[in-house]
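Every number in this text was worked out from the coordinates using simple rules, so none of it is lab data. What you are looking at is a predicted structure, and each value in this text was computed from that prediction instead of being measured. Cβ placement follows ideal geometry from the backbone for every residue including glycine, while neighbour counts extend to all protein chains displayed.
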Amino acid sequence: MIKINLAPTAKKGRVSKRKPAVPGRPTVKLPSIQSTVLYIVGIVIAVLIIVIALFLQHNQIAGINRNIRDLNVKLTELQVYKATVDSLKKREMELDSLITPIKMLNQNRFFISHILDEVSSRVPEFTWLTILNISQNEMQVKGVTASNLLVAEYMNRLEESPYIYNVDLTVLEKKEIKNTEMMEFTLTANCSSDTSIARSQ
């Protein structure tokens, strides 16, 4: 047997169909205010550091330039003193060149006086000197005597001098002087103001 229910039934709620999701525009996330402030503060600090470094470098360069200018001024002032010192040195050298020969003449004068005294004081009897030549450390003595023995004696006496050494007989010959037979001789020797040299010979 077939039953048919004719009573109205409760309406079922409509089930809304979900619409398919429509793809939206991509969203851009902006940084937060705090991070923005920190970023700006960091840039400001970096700029300040660069400005301070440039300022310090500029001051340092300016100080170096001032030092260079001061040194150039001092160098210019010193050039005047240097020119004066150079002039004085040149004058001193000129004076030395004039004084040195005078000193040498004084030394030679005293030395020659010693040699003259040594040569004349050691001449034996009956012996006369005719020529005495002194050149630097060499000397030549010429004279006449009555005997060969007197020539040898004179040579020995000269060798005893602290200023004369290496006495040598170069000429010995007979010569008639005023109807008298004499011996003419020539001696050569070395001489030095340094007595140690003569003693070592």
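Please compute the length gained on full extension between GLU159 and LYS82, using 0.36 nm multiplied by the number of residues separating them and subtracting their Cα-Cα distance.
Residue separation times 0.36 nm, minus the Cα-Cα distance, leaves 22.1 nm.
Within 10 Å of each residue's Cβ, count the other Cβ atoms and sort HIS58, HIS114 from fewest upward.
Taking fewest neighbouring Cβ atoms as first place, the list is HIS58, HIS114.
Say the dipole of region 34-121 comes from +1 at the beta carbon of Lys and Arg and -1 at that of Asp and Glu; which of GLY42, SER97, PHE110 then lies farthest toward its positive end?
So the residue we want is GLY42.
Based on Cβ point charges of +1 for Lys and Arg and -1 for Asp and Glu, what charge dipole magnitude is obtained for region 34-121 about its Cα centre, in debye rounded to the nearest 20?
400
If you average the sequence gap of Cα pairs under 8 Å that are 6 or more apart and divide by the length of region 124-200, what percent do you get for the contact order?
Over region 124-200, the number comes to 32 percent.
Arranged by the count of other C-beta atoms within 10 angstrom, fewest first, what order do GLU125, GLU159 take?
GLU125, GLU159
For the pair SER113 and THR186, what calculated FRET efficiency results from E = 1/(1 + (r/R0)^6), where r is the Cβ-Cβ distance and R0 = 25 Å, to the nearest 0.05?
0.60
Check each of the trypsin sites (Lys or Arg not before Pro) in region 115-201 and keep only those in coil by DSSP with at most 16 other C-beta atoms within 10 angstrom; list them in order.
Answer by residue number: LYS178.
Can you sort THR145, THR170 so the residue with the fewest Cβ neighbours within 10 Å comes first?
THR170, THR145
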